[in-house]
Structure formats: C-alpha cells, structure tokens
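Student: Once you've had a glance at the structure underneath, I'll fire off some questions.
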Amino acid sequence: MPPISFEGRVAIVTGAGGGIGRTHALEIARRGGAVVVNDLGGDVAGREGSASMAEAVVAEILAAGGRAVASHDSVTTREGAEGIVATALEAFGGVDVLVNNAGNMRNAFLAELSDEDWDSLIATHLTGSFNMTRAVWPHMQARKYGRIVFTSSSSGMFGIAIQGGYAAGKAGAFGLMNVAAIEGEPHGILCNAIMPNAFGRMAIQCMKDWGQEVRGVESMPPVVGNSMDPSYNAPLVAYLASEACTSNRAVYSQCLGRIARVFVGVGEGWQAQRQTPPTVEEIAAHWDEINDLERGYTTPASPHDELALVMQTGEVPAH
Ligand code: NAI
C-alpha cells in the first residue's frame, strides 16, 4: 500500500482547535496537506469565543514544518461558512477536503430542553454541516474533485437519553451526507461520515449530566488501552479524506480502535397484498414477521432502490 499523501491538497477542518478535530488537522498536515484550522473557540456548550485555540494548533503544525492557517468564523451562519472557505482560497488557492467536525453539547431531557439549546445544537451540528458543504461545493465542483467527511455520532444513530437535540443534529448530518454523496458523485465529490469516540470534554460533560462521578481516562478498564485518545479517530478521517478512498455514502464507527461500517438495513418484513391496503388486524397478526431480522435484510442505496427491491417480491395482483 503506497503512503497516503495530501501533498498539493487543501483541507478545511472545522472545530479543529482541540479534541478530535485537532488530531484530524495534525494528521492531514503531517501528510503534506495545507490545512485551515477553524475553531470558534469556547466551552463545550459552544458559548464564548477565544481565538487562541485555533492559533495554538496552527502553531503546532507550523513548528512541525507543515502549512496551516487559522480561522475563527462560526459554521452556524452562511456568512461564517463562506468566510472559512474564503480563508482557504486566499491562503492556499482552493479547497479539496472538508471535515465537518465542529460540535457542541447541551444535555437535557426532552421535556426540559430549551428552545435556545435545541436551536444551538441543530445550528452547529446540522446547519453548520450544511453551510460548510454548500460553501465548498462550487469550488470542489470546479475542480471535479472533493472529499467531505461528516461527523455523526452513536448518540444520533443509536439513540441515548438527555441528548435529543444533539442526537437529532447528528442523525441529520447523516441524512445530509447521504444526499451530498449522491449529488456529489458525478462531480468527483465523495462524502462519508464517521461516528467517533474519544475521552475529552464532551465525555466529561456527559458524566456530569448523567450524575456520574467524573473519573479520568486512566480509570477505564485496562482493555481500553489508549484507544479513547482523540487521535484514534484521525487515521479513519484522513483515509476518507484522501484520494485513495473511493467509498461514497457510507458511515463508519470508530469505537475503541474497532473500525466498522454502520448501515441502515430493511428486513424481509411481511408483504400485504397489493390491491387493497392491509387491515390493522393483519398488521397485528404479522407483527413478529414485520420485526424479524433473522431472515436477512437489504441495504437500499436510494428510495428508488428500495422500490425496485420490493417490486421483485410479492405476487402480481389479480385484476
Ligand atoms: P470538542 O468540544 O473538544 O471539539 C469541538 C470543537 O468544535 C471545539 O473546539 C469547539 O470550539 C468547536 N466549535 C463549536 N462550535 C463551533 C462553531 N459554531 N464553529 C466552529 N467551531 C465550533 O469535542 P470533540 O470530542 O473533539 O468532538 C468533535 C466532534 O466529534 C463533534 O462534532 C462531536 O459532536 C463529535 N463526537 C464526539 C464524540 C466523542 O466521544 N468525543 C462522540 C461522537 C461524536
């Protein structure tokens, strides 16, 4: 396998002033890519702003002989996203890679989640990913090349209490990735998503909000090793962001060093007759069959794909 290189490529990593995003930026820069290190700065909730976070990562990259520039715009507005892309164009003349990583966390049970917190979570995780994707799109399209990595989450894909807004934003980012991947492929723009894991300030905040004792990573079982370090997520992102990767429209989980594809599947289900809708009683009678996953599943690539797959089954209705 030849080494994966970003020589001649320009990458934007949002939320790269700390945590997981910082490790994405360092990995791409170490492999020759010029990086826009974007970060609003601020606390885990996404409040307050400090330029020093992005500046510190840029200093780290420059000290190692790499190329990087800082950006402090917020992904939550169209103007902010366009400002981040303008920074890439001015500093490095284009953009080949976007890593949508910026995120915040505000936990509360659904009935207690405020409008402000809901709006902030959706604005950062979902609208932020959309703003950034839309802003890089014409530049990638013009080059007929692009790699976009979205950051989803097991909270969004699997569900978890007290993270309604966060999970909705993360599941939304997955839905957005699906469409970007389909629309981008003809233009050489490939899009995928990751579900990362790391022990950082988000994990600490979760422990506090769940009422757990806050303990350090060193208190984890020995089997975890160093695999909760944020840097465990960067190689997967760098691969998905590279020319070597030809996968499109997929989601990958990075969990304690186990990297695996996550998918949405449809079971075999139960087929009603196709001349009149089924009755509610028929649904009840076939509930076990409808829920059964043991007989196998399909993973449709689009709504048309699902229609075509189901069309192959069932009897032709009598006229
Ligand atoms: P973090 O809080 O250390 O990093 C997120 C960064 O995004 C911060 O530096 C923050 O200043 C920046 N940011 C927040 N709002 C922004 C905005 N509007 N514009 C630009 N930058 C903004 O968190 P961590 O753990 O590094 O998370 C990185 C990404 O991975 C996030 O999207 C998070 O939701 C996601 N994630 C993290 C997991 C974990 O286990 N840590 C699990 C699943 C997903």
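Student: Given 0.36 nm per residue, what is the gain on full extension from His304 to Leu89 after removing their alpha carbon distance, in nm?
Tutor: Here the segment from His304 to Leu89 would lengthen by 73.6 nm.
Student: Also, quick follow-up: Accessible area per residue, 1.4 Å probe, Å², for the stretch 16-88: what's the number?
Tutor: Per-residue value: 40 Å².
Student: Considering only DSSP beta bridges whose two residues both sit in the stretch 187-319, what percent are antiparallel, to the nearest 5?
Tutor: In the stretch 187-319, approximately 70 percent of DSSP beta bridges are antiparallel ones.
Student: In the chain, what % of DSSP beta bridges are antiparallel (nearest 5)?
Tutor: Close to 20 percent.
Student: Right, next: Once you put a point 7 Å from the Cα of Phe158 and another 7 Å from the Cα of Leu256, both along the Cβ direction, what distance in nm separates them?
Tutor: Here the modelled spin labels are 1.1 nm apart.
Student: Next question, about the same structure. With a 1.4 Å probe and all protein chains kept in place, how do Trp137, Trp210 rank by accessible area, largest first?
Tutor: Descending order: Trp210, Trp137.
Student: How many Å² of accessible area per residue for the stretch 103-255, probe 1.4 Å?
Tutor: The answer is 44 Å² per residue.
Student: Summarise the accessible area of the chain (1.4 Å probe, protein heavy atoms) by the percent that is carbon and sulfur.
Tutor: Carbon and sulfur together cover 56 percent of it.
Student: Could you work out which residue, out of Glu294, Glu48, Glu243, moves most in a Gaussian network model of the chain, that is, has the largest mean-square fluctuation with Cα springs under 10 Å?
Tutor: Top of the fluctuation ranking is Glu294.
Student: Okay, next question. Suppose every K and R has +1 on its Cβ and every D and E has -1 on its Cβ; what is the size of the dipole of the stretch 96-231 about the Cα centre, in Debye to the nearest 20?
Tutor: Charge dipole of the stretch 96-231: 420 debye, to the nearest 20.
Student: OK, next. For the chain, modelled as a GNM with alpha-carbon contacts under 10 angstrom, which of Ala16, Ala285, Ala108 fluctuates the most?
Tutor: Ala285
Student: Note down the accessible area of Ser120, probe 1.4 Å, to the nearest 10 Å².
Tutor: 20 Å²
Student: Now for a different question. Using only the Cα atoms of the chain, what are the Rg and Dmax in Å?
Tutor: 21.6, 76
Student: Please find, in a Gaussian network model of the chain (springs between Cα atoms separated by less than 10 Å), the residue of His72, His187, His304 whose mean-square fluctuation is greatest.
Tutor: So, out of His72, His187, His304, the one fluctuating most is His304.
Student: Checking the a/c ratio against 1.5 first, then a/b against b/c, what shape does the Cα gyration tensor give for the stretch 195-292?
Tutor: The shape class here is oblate.
Student: Using a Förster radius of 51 Å, what is the FRET efficiency between Val214 and Thr276 based on their Cβ-Cβ separation? Nearest 0.05, please.
Tutor: With a Förster radius of 51 Å, E is 0.30.
Student: With a cut-off of 11 Å, note down the residues of the stretch 15-36 whose backbone N falls inside the zone around a label point 7 Å from the Cα of Ala63 toward its beta carbon.
Tutor: No residues fall inside that zone.
Student: Check each of the trypsin sites (Lys or Arg not before Pro) in the stretch 10-88 and keep only those in coil by DSSP with at most 14 other C-beta atoms within 10 angstrom; list them in order.
Tutor: Counting only loop positions with at most 14 other Cβ atoms within 10 Å, the trypsin sites (Lys or Arg not before Pro) in the stretch 10-88 are Arg47.
Student: Now, a different point. Is the stretch 65-111 best put as rounded, prolate or oblate by its Cα gyration tensor, with a ≥ b ≥ c the root eigenvalues, rounded for a/c under 1.5, and otherwise prolate when a/b is larger than b/c, oblate when not?
Tutor: prolate
The values are calculated or read from the model by the stated rules, or taken from the named source; none is laboratory data. On a predicted model such as this, the values are computed, not experimentally measured, just so you know. Counting neighbours? That spans all protein chains shown, and the Cβs are built from the backbone with ideal geometry, glycine included. Only protein heavy atoms, including side chains, enter the accessible area calculation; ligands, DNA and RNA are left aside. Shrake-Rupley method; radii C 1.70, N 1.55, O 1.52, S 1.80 Å.
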